[in-house]
Amino acid sequence: MQRREFLLGGAASLMAQASRPNVVLIYADDIGYGDLSCYGAAAVKTPNLDRIAKTGVRFTDAHSSSATCTPSRYSMLTGEYAWRKKGTGVLPGDARLILDPEKLTWPGMMKRAGYRTGVVGKWHLGLGNGNVDWNTEIRPGPLEVGFDSAFLMPATGDRVPCVYVKDRRVVDLDPADPIRVDYKKPIGDEPTGKKNPELLKMHPSHGHDMAIVNGVSRIGYMTGGKKALWVDEEMAARFAEEGEKFIAESKQEPFFLYLATHGIHVPRVPNKKFEGKTKMGPRGDAIAELDWTVGQIWKQLDRLKLTRNTIMMFSSDNGPVIDDGYKDDAVAKLGAHKPAGPFRGGKYSNFEAGTRVPLMVSWPARIRPRVSDALVGQVDFLRSFAGFAKQSLKSGEAPDSQDVMSALLGESPKGREWLVEHARALSLRQGDYKMIEANPGPAIQVNTNTETGANSSTQLYNVKLDIGEQKNLAGEMPGKVAEMTEMLARVKADQ
Ligand code: NG6
Ligand code: CA
């Protein structure tokens, strides 16, 4: 690998920089299309996120691969649709690593291209081989799948173990107080949310009634590791700081930072500094805190004079949800705010809001500001950046990923011709049309009050003319339904 130190000064350095910009992806959790001010939100201000949009490309038709976390992250990092592979649904905190160390990943490809690669924040892709012992070296994990360094929350904020993992070790673990985790039954007579609601500062609305950590009951049981437990209120600052540290340590070489925030997933426990920043309660305040995180990264890039040659990207792993299991006033205080923007559904849904999420990409050295209607998926990041970094992929690698780099850079208005959206069933987007496979089930997911998109027969919408998916055209356009059904069958059978 040719490092910048050898090229300092002269034109060679400028050329190396222009062809190998740093890449920072800030990947939020459960942020909806309508949650940022650059996408029309008025009830919360997101100036630091808006800065990416103002100086870069803001996408109106960008998609996470799935309407939940684990499969979206799996698809983004591998370039393979998660629904092709069993066991890629929302994982418990003790799940084994679902990424295959033998297979190419986005960070692995960047590393091959000479980048220093780091992940900070939410992982939720499993760790270890299925019987993870949190008290010893934890492997395989991010370091086995292409990252040079890692500072992680293993699963989600609402799942045990509630500790950070740095590279292969739990941070601040006292060997005299080992961690035990069980997803099936309580461990000993430790208090739980169910038995001891009097110990809670935030109560569950559904589920989330097991181990109590920091006054919040979670999914799964855990004991020990008392010194290592995270403090929810400090998590955003911790991740920002670890991200800043990675940037400072990597400034001599091109780097790729995947900063996956906990915000704004449940439990929403933003720092006191953000309390009352919006009138929407913790969900709105968590958006303000997320924006602050982005501001910290901007500050670091600016301070180190890296902004000009850094591709800064922001997106979300799935659409928005209001009540996702805690009584945090999100429903009562929502007011006129529309987390999903003009779209129907939300997290967990086959309707558009399940996967149509914000995506902004800036790179001052090259990108001119614009709004792009190109259809792009996060599954495309791997192949797009591979082409850009002149890395050829072998057949079978990143099979669902397409090179849409010219769209990502705002240089072409065209992205993909078609795309699969995944929630409880699959949907196919092709041109202006969207077909949702027949998938019998409840139209509303009761706990979260999400319109699921379930229907015992196939649905067809024109998402250009009918952005809110109100008029099912399947009856009027049987030919289109047949054509798209056949195409989806081909996509499924591919590989
Ligand atoms: C659900 C959880 C929800 C959230 C989700 C995963 C319950 C009742 N609900 O099972 O709170 O954790 O899983 O979210 O437990 S995701 O963004 O990581 O996919
Ligand atoms: Ca999520």
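Derivation of every value follows stated rules applied to the coordinates shown; laboratory data play no part. All values derive from a computational prediction rather than experimental measurement. No Cβ is skipped: glycine too gets one built from the backbone with ideal geometry, and neighbour counts run over all protein chains shown.
Numerical summary
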{"quantity": "Sorted by Cβ density within 10 Å, fewest first, the residues Asp285, Asp209", "calculated": "Asp209, Asp285"}
{"quantity": "Cross-link partners of Lys45 among lysines (Cα-Cα below 17 Å; sequence separation of 8 or more within a chain)", "calculated": "Lys54, Lys273, Lys277, Lys279, Lys333, Lys338"}
{"quantity": "Computed helical MRE - 222 nm, the chain, DSSP H runs ≥ 4 contributing -39500 (n - 2.57), nearest 500", "calculated": "-6500 deg cm²/dmol"}
{"quantity": "Too-long pairs where the Cα-Cα distance tops 24 Å, listed order kept, from Lys394/Lys492; Lys122/Lys394; Lys111/Lys245", "calculated": "Lys122/Lys394"}
{"quantity": "Counted charge near Glu80, where neighbours are those whose Cβ lies closer than 15 Å (Asp, Glu -1; Lys, Arg +1)", "calculated": "+2"}
{"quantity": "Region 107-156-region 45-71 distance, computed between alpha-carbon centres (Å)", "calculated": "24 Å"}
{"quantity": "Sites Val90 and Asn449 - FRET efficiency at Förster radius 25 Å, r taken between beta-carbons, to 0.05", "calculated": "0.85"}
{"quantity": "Equivalent-ellipsoid semi-axes of the chain, from the Cα gyration tensor, Å, largest first", "calculated": "31, 30, 22"}
{"quantity": "Part-to-part distance (alpha-carbon centres) for region 164-235 and region 355-432, which is given in Å", "calculated": "38 Å"}
{"quantity": "Relative contact order for region 420-495, counting Cα pairs under 8 Å that sit 6 or more residues apart, in percent", "calculated": "24 percent"}
{"quantity": "Footprinting exposure proxy for Cys162, Cys38 (fewest neighbouring C-beta atoms within 10 Å first)", "calculated": "Cys38, Cys162"}
{"quantity": "Region 378-436: trypsin sites (Lys or Arg not before Pro) falling in loop per DSSP and having at most 12 other Cβ within 10 Å", "calculated": "Lys390, Lys394"}
{"quantity": "Peptide ranges 274-280, 144-150 listed from the most packed, as the mean C-beta count within 10 angstrom indicates", "calculated": "144-150, 274-280"}
{"quantity": "Order of Lys54, Lys185 - criterion: other Cβ atoms within 10 Å of each residue's Cβ, fewest first", "calculated": "Lys185, Lys54"}
{"quantity": "Among beta bridges that DSSP assigns inside the chain, antiparallel share in %, nearest 5", "calculated": "55 percent"}
{"quantity": "Where GluC sites (Glu not before Pro) fall in DSSP loop in region 390-495, at most 11 other Cβ within 10 Å", "calculated": "Glu417, Glu476"}
{"quantity": "Percent breakdown of C-alpha pair distances by 5 Å bin, ordered from the shortest bin, for region 424-493", "calculated": "4, 17, 26, 26, 17, 8, 3, 0"}
